[in-house]
């Protein structure tokens, strides 16, 4: 399906450390 | 978390001795939420750029210029900012614009979106969302209404949509609005 993300979902990732 | 589209970030730095296109640099491309934030946290905030610089985020394969075949029949929703808004609102409005793009916030009309541009200028900064077909009224108006709401602009503030064909043949200040929201 089409990948739509709302702003809150996207903002949750802002300061998440990258997974290694 | 894959994005619907792969997006390319471009940076323009105005050096008058060089041709316009030689001042345009592809920075990187992102196609996941995680890569988007890695890119965003790595680059200078728009408010810290010097006058004459631009950022552009466009779908992969579309050049950030109206001459591109996927832009030339299109136009842009233009948000013109007052000088003092650079310090208070510019970065928030640009980030919100980027999130609208990568999150595909305009429902089925997101297909119409080509990209977005921020111009840092001494006389007043500008942010614009570019769409591919200026004649597709329903899509353009939907995008404009959603975009204005997402930016949190007051109902009193009117933003206009200008066809690139009009912008290209007239001076920018004279290009007329095809639509307003």
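None of the figures in this text is laboratory data; all of them are computed from the coordinates on show. Computed from a prediction, not measured in an experiment: that's the story for all the values here. Glycine also receives a Cβ, built like all others from the backbone with ideal geometry; neighbour counts cover every protein chain displayed.
What the table shows:
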read-out: Which of B:48, B:178 has the fewest Cβ neighbours within 10 Å, and the rest in rising order; value: B:48, B:178
read-out: MRE, 222 nm, helices only [DSSP H, n ≥ 4, -39500 (n - 2.57), over the protein assembly as shown, to nearest 500]; value: -7500 deg cm²/dmol
read-out: Contact order relative to length of the stretch B:1-72, as percent, for alpha carbon pairs under 8 angstrom and 6 or more apart; value: 39 percent
read-out: Sorted by Cβ density within 10 Å, fewest first, the residues B:83, B:156, B:126; value: B:156, B:83, B:126
read-out: Gyration tensor (alpha-carbon) shape descriptor, the stretch B:68-181, a/c threshold 1.5; value: oblate
read-out: Global geometry of the protein assembly as shown, whether rounded, prolate or oblate, following the gyration tensor of its Cα atoms and the 1.5 cut on a/c; value: rounded
read-out: Cβ neighbours within 10 Å from other chains - mean over B:36-42; value: 2
read-out: Relative contact order computed over the stretch B:115-181 (Cα-Cα under 8 Å; 6+ residues apart), in percent; value: 25 percent
read-out: Values of log10 I(q)/I(0), in the order q = 0.12, 0.18, 0.26, 0.30 Å⁻¹, for the stretch B:56-118 under a Debye, Cα-only, solvent-free model; value: -0.34, -0.72, -1.18, -1.34
read-out: Percentage, to the nearest whole number, of Cα pairs in the stretch B:1-128 over 25 Å apart; value: 21 percent
read-out: Mean-position separation - Cα centroids, the stretch B:94-131 and the stretch B:1-73, in angstrom; value: 11 Å
read-out: Sorted by Cβ density within 10 Å, fewest first, the residues B:145, B:70, B:86; value: B:145, B:70, B:86
read-out: Three-way shape label, the stretch B:130-181, alpha-carbon gyration tensor, a/c 1.5; value: oblate
